[in-house]
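Data block below; observations after.
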Amino acid sequence: MTNAKHENYRDDLLETQSPSFTIEQVKDFANERFGLTGKLFPLNSERDQNFRISTEVGDQFVIKIANSAEDPAVIDMQLKALEYIANVDPELSVPKVLLSRNGAAIEQVQAENGTKHYIRVLSYLPGAPPMEYPTDLALLRPMGACLARLALALRGFFHPAANYELLWDVKHFSKLRQYLPHVNDANHRELATYFLDRFDRNVLPLITKLRAQIVHNDFVPDNILVAENDPGRIVGIIDFGDLTHTLLIVDLATTSARMLVGHSEPVGKAAEIITGYHELVPLEDAELSILYDLIAARLTMLAVIASWRVTIHPDNREYIFGDIEEIWLTLETWRAQDSADVTRKFFRVCGLWELEEVDAMPKEANETFQTHLSRRASLLGPCTYLFYKHPLHIVRGEGVWLYDNDGNRYLDAYNNVAQVGHCHPHVVNAIANQARRLNTSTRYMHRLILELAEQITNRMPEPLSVCMFVCSGSEANELAWQMSRIVSRNTGVLITKFSYHGSTAATTQFSTEKISQEKLPTHVQTLFAPTSDSTFRKPDSGLSSALMALNEQGHQPAMLILDTGFVSDGIYTSPKGYLNTLYAKTRNAGGLCVADEVQAGFGRLGQHFWGFQFDDVIPDIVTLGKPMGNGHPLAAVLTRPEIAEALALESGYFNTFGGNPVSCAAGLAVLEVIEKEALQRNALEVGQYLRDRLAEVQKDYPMLSELRGSGLLQGMDIVNSAGALDPEMADNIMNHMRENGVLIGTTGEHAQTLKIRPPIVFQKEHADRLVAALRKALDEL
Ligand code: PMP
């Protein structure tokens, strides 16, 4: 390997020179301590001093004199590991320890300047170094298999020194951030930062849950020997200098990373090694799911540590730097891969997803498109409509990806229900585990319902301390409506011009997206969303006239209900003062203020967890839905105790499915994922990145007008050459993007606004893909 052998964090170890005994001195040690006489040949070593000794009778050994800063306990661990492996799997060829005349595995010798060094002797293994470097394909599978076998042999091994911190342990990759200043090239620094960020986000949260044991941790061509007559057969494993206790999967990532350097098709190479490994040591889902990032981490380590070491040992530059340029290039190639695709391939080669895919194939696979559409129309009736001119037949989802029944993949930048990504394994497992145990209603005591209620109320401002569970956003708003009427004793509703709040009889009446302005019942009046057009905004976005109109019809307001992401209106973010003004005036007129967080809640907006937090207000009622169960029907109403009590006195409330333990398990899992994967921060950062990229496109294409929204909820108006809103063009762009594998929607009163609202696991690479598809649509339409 190009780089240094292991370094731990101790400065003395870094700065200590390699031992420099003369051949004569070493000959003496060999003889006096180990009873060996013969010819000595120096071997390469970074920090130690190594020799091969060939005795008169033709035996060969390796003499290793350790750097004076080396911890003897760590050396002891390495030697004990060799003995352990030889016991467990005698056919696995590893060096044998030669005991000294005193019967010890390690002896101490002293240099002329007084420094003490540990010396040990190992058998010299026959075999040849692998032919080509990087090694040819034939060795990849055997390497995977041999590594797995070595890991199995070490499975039960333990040593108290094993938990020392080794910089060359991918588990500690995050610590490499401090060495980034040593990387001179800004592009390389950015690349390393990209993978460090990914690691922190994707790997760190899982580390404590993964299998761990003592592993070789440097199983690379330099440390293996192959048969002279069969270069695909591994006959020896040497150099246990990086042996440490870490994640089992780190061992595989370390080998894979090294084998990819310089290969233009790295994924296929990694897959070969993984296949070989998996046949002996079946990999777990969680391990496979982070392997892309672990391989990237190891490659980044090779490059960053080399850059840092050059600053300490500038005279050794050529040796340390070796193939560093190739490593950076390999990292670039690795980044250019779609990480989800790579992971999928890894699962595939381990045979883990094949079954699922067969299951996922629709039964009517042979049915023609047209037959399906007509069956659908007659069975489901005329109210169900399909997205896109060329509707999609989706059979599988994963993260930000949707797959159709022909195996085509689509980047999902539309679905906010799958808030933490389609089929997030943590949520899926939570649902499956609870479904296996029990599913009942809130008529029984259950731990999960309280835990979820606590988790939600903890995220709400005081005094919103009561959480009532329902199954959909519509039910939540229906319940908010009931409460508002009971508490206010009024009958009117205030909404924005083009809003949506649900599909029940009551909520449809205050959903202007569904019911035209002319047909609005007299108890519903509208005001303006926070548009940039100040004529609508002043002084109170039309609330006073709405209140007046209500009054004229014999109503006073029971509630003001606002979707805090104003999605149907065309996607807006509340500017400071907007909600504040509306809330004050509504309350003054006797109404309650309801924040409908069905669209905007759960971190999507980035800056805040809830949309109402963009202003200095506390709603009387907050309604939640869609993203809450990541696809599982789960919704809730949050309110003050006295409001819930008023409802209890009037009618009470029961919802058979609301708050069932399976839904609660889903809801808890969603919150855990948002927390552990720092998805609110992701929505903020990737949202800003997306916004910046969209703003760049906007400069190049006059048909892109106002850009609005926050975090991962972005809207963009489409206008024609005369500057008028152009719904037809918006529709064409959306459909063109769909044909190019990117799913977005349209929204706004005339469907003139592109609606971008992906699962909040969306990454910068996905934003780039979306923007490229948008540019293509704008160029080609
Ligand atoms: N409120 C808002 C703001 C919504 O967007 C929706 C659904 N699109 C609802 C309420 C109704 O939710 P559901 O479809 O779960 O009944």
_Hits in region 732-761 (condition: open to solvent by 10 Å² or more (accessible area, probe 1.4 Å) and assigned to a loop (DSSP other than H, G, I, E, B))_ = Asn740, Gly741, Glu749, His750, Ala751, Gln752, Val761
*For region 596-610, how many residues are near the ligand (Cβ under 10 Å from one of its atoms) and of a type outside the set (Asp, Glu)?*
4
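Matching residues to (1) crowded, with 20+ Cβ neighbours inside 10 Å; (2) charged (D, E, K, R); (3) away from the ligand (no atom under 16 Å from the Cβ):
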residue	(1), (2), (3)
Ile621	yes, no, no
Asn630	yes, no, no
Pro633	no, no, no
Thr639	yes, no, yes
Asn655	no, no, no
Gly658	yes, no, no
Ser663	yes, no, no
Val670	yes, no, no
_Checklist (1) closer than 30 Å to Asn439 by Cβ; (2) within 29 Å of the chain's Cα centre (by Cα) applied to Thr656, failing item_ = (2)
*asked:* For the structure I just gave you, tell me whether Ala589 is within 16 Å of the ligand (Cβ to nearest atom) and at negative phi.
replied: no
*Pairs, please: C-beta under 6 Å, at least 6 apart or cross-chain, first residue closer than 10 Å to Val594 by Cα and touching a residue at least 60 places away in the same chain (Cβ under 8 Å) and in region 606-626, second of a type outside the set (Gly, Ala, Ser) and away from the ligand (no atom under 16 Å from the Cβ)?*
Ile618/Pro461; Asp620/Leu592; Ile621/Thr639
_With the structure loaded, tell me whether Asp242 is open to solvent by less than 10 Å² (accessible area, probe 1.4 Å) and not in a helix (DSSP H, G or I) or whether it fails that test._
yes
_Just to verify a result, which residue in region 45-58, among those that are assigned to a strand (DSSP E or B) and of a type in the set (Ser, Thr, Tyr), is farthest from the chain's Cα centre (by Cα)?_
Thr55
_Please count how many residues of region 1-45 are of a type outside the set (Lys, Arg) and at pLDDT 70 or above._
26
_Any strands (runs of 3 or more DSSP E) falling wholly within region 372-442 and containing at least 2 residues that are modelled with pLDDT of 90 or more_ = 401-404, 409-412
*Among the numbered conditions (1) open to solvent by less than 20 Å² (accessible area, probe 1.4 Å); (2) modelled with pLDDT of 95 or more; (3) over 19 Å from His159 (Cα atoms); (4) not hydroxyl-bearing (Ser, Thr, Tyr), tell me where Val62 comes up short.*
(1)
*Selection from region 162-184 of residues that are modelled with pLDDT under 95 and small (Gly, Ala, Ser)*: Ala162
*Boolean, Glu454 is out of contact with any strand residue (DSSP E or B) (no Cβ under 7 Å at 6 or more places or on another chain), free of Cβ contacts under 8 Å to residues at least 40 places away in the same chain and within 16 Å of the ligand (Cβ to nearest atom)*: no
*From Glu318, Glu284, Glu279, which residue is at pLDDT below 90 and open to solvent by 10 Å² or more (accessible area, probe 1.4 Å)?*
Glu318
_Where the second residue is open to solvent by 10 Å² or more (accessible area, probe 1.4 Å) and more than 8 Å from the ligand (Cβ to nearest atom) and the first is within 13 Å of Gly629 (Cβ to Cβ) and lies in region 459-481, which pairs have Cβ atoms under 6 Å and are six or more apart or on separate chains?_
Val470/Asn655; Cys471/Phe657
*Give the residue that is nearest to the ligand (Cβ to nearest atom), with candidates limited to residues of region 547-575 that are under 24 Å from Gly590 (Cα atoms) and hydroxyl-bearing (Ser, Thr, Tyr).*
Thr564
*Before we move on, is Ile327 touching a residue at least 24 places away in the same chain (Cβ under 8 Å), within 21 Å of Leu252 (Cα to Cα) and of a type in the set (Val, Ile, Thr)?*
yes
_Positions within region 197-214 being modelled with pLDDT under 95 and either touching a Lys or Arg at 6+ places or on another chain (Cβ under 6 Å) or not in a helix (DSSP H, G or I) (or both), in sequence order_ = Pro205
*asked:* Take residues that are in contact with a Leu (Cβ under 6 Å, 6 or more places away or on another chain) and under 18 Å from Gln213 (Cβ atoms) and tell me which of the strands (runs of 3 or more DSSP E) falling wholly in region 59-161 contain 1 or more.
replied: none
*Tell me which residues, restricted to region 33-49, are loosely packed, with under 14 Cβ neighbours inside 10 Å and touching a residue at least 60 places away in the same chain (Cβ under 8 Å).*
Gly35
*Residues that are of a type outside the set (A, V, I, L, M), outside any loop (DSSP other than H, G, I, E, B), surrounded by 19 or more Cβ atoms within 10 Å (Cβ to Cβ) and within 16 Å of the ligand (Cβ to nearest atom), drawn from region 478-508*: Glu478, Trp481, Ser484, Thr496, Thr507
*Is region 337-345 home to any residue that is touching a residue at least 60 places away in the same chain (Cβ under 8 Å), more than 30 Å from the chain's Cα centre (by Cα) and more than 18 Å from Thr254 (Cα to Cα)?*
no
_Total residues in region 518-538, condition open to solvent by 70 Å² or more (accessible area, probe 1.4 Å) and without any contact (Cβ under 8 Å) to a residue 12 or more places away in the chain_ = 5
*Kindly provide the set of residues from region 113-137 that are hydrophobic (A, V, I, L, M, F, W, C), modelled with pLDDT of 90 or more and surrounded by fewer than 19 Cβ atoms within 10 Å (Cβ to Cβ), ordered by number.*
Leu125
*Considering region 707-726 alone, what residues qualify as being open to solvent by 60 Å² or more (accessible area, probe 1.4 Å) and closer than 21 Å to Thr573 by Cα?*
Leu725
_Total residues in region 70-96, condition without any contact (Cβ under 8 Å) to a residue 60 or more places away in the chain and surrounded by fewer than 17 Cβ atoms within 10 Å (Cβ to Cβ)_ = 6
*asked:* Go through (1) more than 28 Å from the chain's Cα centre (by Cα); (2) closer than 30 Å to Cys423 by Cα; (3) open to solvent by less than 20 Å² (accessible area, probe 1.4 Å) for Leu778 and report which single condition fails.
replied: (2)
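The values are calculated or read from the model by the stated rules, or taken from the named source; none is laboratory data. Because the structure is a prediction, the values reported are computed rather than measured. Here the Cβ is made from the backbone with ideal geometry for all residues, glycine too, and neighbour counts use every protein chain on show. Remember, those area values only see protein heavy atoms, side chains included, never the ligands or the DNA or RNA. Shrake-Rupley method; radii C 1.70, N 1.55, O 1.52, S 1.80 Å.
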